[in-house]
Amino acid sequence: MSKEPSEIDIEKLLAGLRSSEASIRKEATQEIANKVIDDPQLVKELERLSTSDPDQYIQETAAQTLKKLGFEDKKPGYVDLPPERTLSRNEKIRDFAIGFFGWYIINGLLWIIINPGIINGGTAVNGGSGCITFPLNLIVLIVFARIKQTHWIAFGILVALALNLVVSLIIGVAFNGWCFIPFYVK
């Protein structure tokens, strides 16, 4: 832009953009594009024309003018979303800890409720509790993983599940190895 347009020029262009005649709106749009006039009032009016003008040609011209001025052309129904907020390192650690320790606390309480130990004397409920809690854990994990704000909680739950499975494997191998010792001792 070679020189700054006067307030009168901007008012004339605004009147042209708001005109009921398509040819006048078209001329005003082209003049703004040719002179590269970047005025907030004109940009707002061009955005309105690019989305809701009855003449398709004027909509396209207004959108091209906005692009030339450095603005994205906006389609009908376009909504500016606020920028995504990223979590800080401490917030990620907090969410991970909530998922990790929360998994142990909630599953421990569920295990005590479903499997009261000495009270039930080791009935079939012991094995059946896993058939209830494991699918529930997977469902909760999937739900937290699908929600953007709770990804780190889901990661904490996943690590708790993985750690629990690794510990179970180690204990199982050690116990089975211990049980076979009498067969190998002479």
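The values are calculated or read from the model by the stated rules, or taken from the named source; none is laboratory data. Since this is a predicted model, take the numbers as computed values, not measurements. No Cβ is skipped: glycine too gets one built from the backbone with ideal geometry, and neighbour counts run over all protein chains shown. Accessible surface is based on the protein model in full, side chains and every heavy atom, while ligands, DNA and RNA are left aside. Shrake-Rupley method; radii C 1.70, N 1.55, O 1.52, S 1.80 Å.
With a Förster radius of 45 Å, plug the Cβ-Cβ distance of Q30 and T86 into 1/(1 + (r/R0)^6) and report the FRET value to the nearest 0.05. With R0 = 45 Å, the Cβ-Cβ based efficiency is 0.60.
Packing, taken as the mean count of other beta carbons within 10 Å per residue, orders the peptides 39-52, 143-156 from highest to lowest as 39-52, 143-156. Proximity of backbone amide H atoms, modeled 1.01 Å from N, is registered between S19 and no other residue at under 5 Å, excluding neighbours fewer than 5 places apart on the same chain. Sorting 27-34, 55-62 by average packing, meaning the other beta carbons within 10 Å per residue, from highest down gives 27-34, 55-62. Solvent-accessible surface of protein heavy atoms, probed at 1.4 angstrom with all chains present, puts S19, S6 in the order S6, S19, largest first.
Net charge within 15 Å of Q149 by Cβ-Cβ distance, Lys/Arg positive one each and Asp/Glu negative one each, not counting Q149 itself? Spelling it out: positives minus negatives among the neighbours equals +2.
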